[in-house]
Each structure stands twice: as C-alpha cells, then as structure tokens.
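Q: One structure follows; several queries about it will come next.
Rule-based calculations on the coordinates, nothing more; no lab input. None of these values were measured; they are calculated from a predicted model. Please note: Cβ atoms are built from the backbone with ideal geometry, for glycine as well, and neighbour counts cover all protein chains shown.
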C-alpha cells in the first residue's frame, strides 16, 4: 500500500534515533537519521497516490538496516533482561505482519516465503472496511505507539518492562486470532 513500508520504517528509524541520542550512541544515531531521511524523501513521492514504488528490494533493505540498528543499540544504564525487547517493540508491526502472513499461509497449505497475496495486515484492514489511506494511518499509529512503549522500556525496571512486553505480546496474539479468522483467510 502506498506509503506503508516507508512510513513504518521512518517511524522506527525516528524512535531508534531518539534512543541513540538519549544513550549517547551518535554513530548508530547517525545511521538511524540517514534511514529516516531516506524514508522521508521517498515518502514525498510514495504517499497516496504514489508516483514511485519501493518494491521488495527496498523494503528488505530497510528491514535489514533497521535490524542492524536494533542489534547495535546498547543501554548500559539498564538491565539487559529488559532492553532486548526494545528493538522487538520498535519493529513490532513488521514482525507481527510477518507472523500473521506466515500463520495464514501455512494454514492454507501455501509456502509462506514464495506465495504472493493480499493477506497482509493492511489488506485485511481494507477488507474489514477501512479505506487504504485509513489502514495506512492506523498502522502508522500502531507503529508509533509501539515505539513509545520501547522508549518507556529503556527507562523501566525489569518488572515494568516485562509487563509492557507481556501486554504487547497478548495484544499481538489477540490481533493475530482476530485478523486470521474467516473471512480474511479464505480465498
């Protein structure tokens, strides 16, 4: 969908850049800002109605860069038992979408890696009645909220961090169950 991959990547890169500035990791922060700037420049031409498209190669590159940034992030003032979930929360929407599509395609007897389809979260939101632009904006909000929760976890105690992580995991499982129910997975 127009603007979805670039927008979600921009939101994730912005959260990573903010975390890097808080923890003094300026080299990783510079990489985050570079990814953010590239996404914003691209979004200017990719928002609905799109004039250019990213394609799989661009989306995979952004995912790789954001994963590398997430791996390089360090929070020396915090307990590592909690901060491992920071990049998982920031990248929670793409992780959830991948899990949903994998479960859905396996349930239908399809290869989850090679089968194309309109079974991603954004397509299911449109099938549920949202306009494409509304679906994209909804997913931007979800991604932004997950990033805010990740920022909270960087300053949280172990118990608070695991409460946030557990709550997000339960919400994700509920959303997986809700979005995978018929009629979305048929056809």
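Q: Compactness ratio of the chain: Cα Rg over 2.2 N^0.38 Å, N = residue count?
A: This ratio for the chain stands at 1.05.
Q: Take the alpha carbon atoms of the stretch 52-101, find their center, do the same for the stretch 137-181, and report the distance between the two centers in whole angstrom.
A: Measuring centre to centre over Cα atoms gives 13 Å.
Q: Suppose R0 equals 30 Å. What FRET efficiency, 1/(1 + (r/R0)^6) with r the Cβ-Cβ distance, do residue 163 and residue 106 give to the nearest 0.05?
A: Using R0 = 30 Å, I get an efficiency of 0.45.
Q: Semi-axes of the equivalent ellipsoid of the stretch 14-94: what are they in whole Å, largest first, if each equals the square root of 5 times a C-alpha gyration tensor eigenvalue?
A: Listed largest to smallest, the semi-axes of the stretch 14-94 are 27, 13, 10 Å.
Q: Kindly put 159, 121 in sequence by how many other C-beta atoms sit within 10 Å of each C-beta, fewest to most.
A: 159, 121
Q: Moving on to the next point. Kirkwood Rh over Cα pairs of the stretch 108-180 into Stokes-Einstein at 4 °C, 1.567 mPa s: D in µm²/s?
A: Using the Kirkwood radius from Cα pairs, D works out to 90 µm²/s.
Q: Defining a contact as two alpha carbons under 8 Å apart and six or more residues distant in sequence, what relative contact order in percent does the stretch 4-180 show?
A: This gives 28 percent for the stretch 4-180.
Q: Rounded to the nearest 500 deg cm²/dmol, what is the calculated helix-only ellipticity per residue at 222 nm for the chain, with -39500 (n - 2.57) per DSSP H run of length n ≥ 4?
A: One gets -24500 deg cm²/dmol as the mean residue ellipticity at 222 nm.
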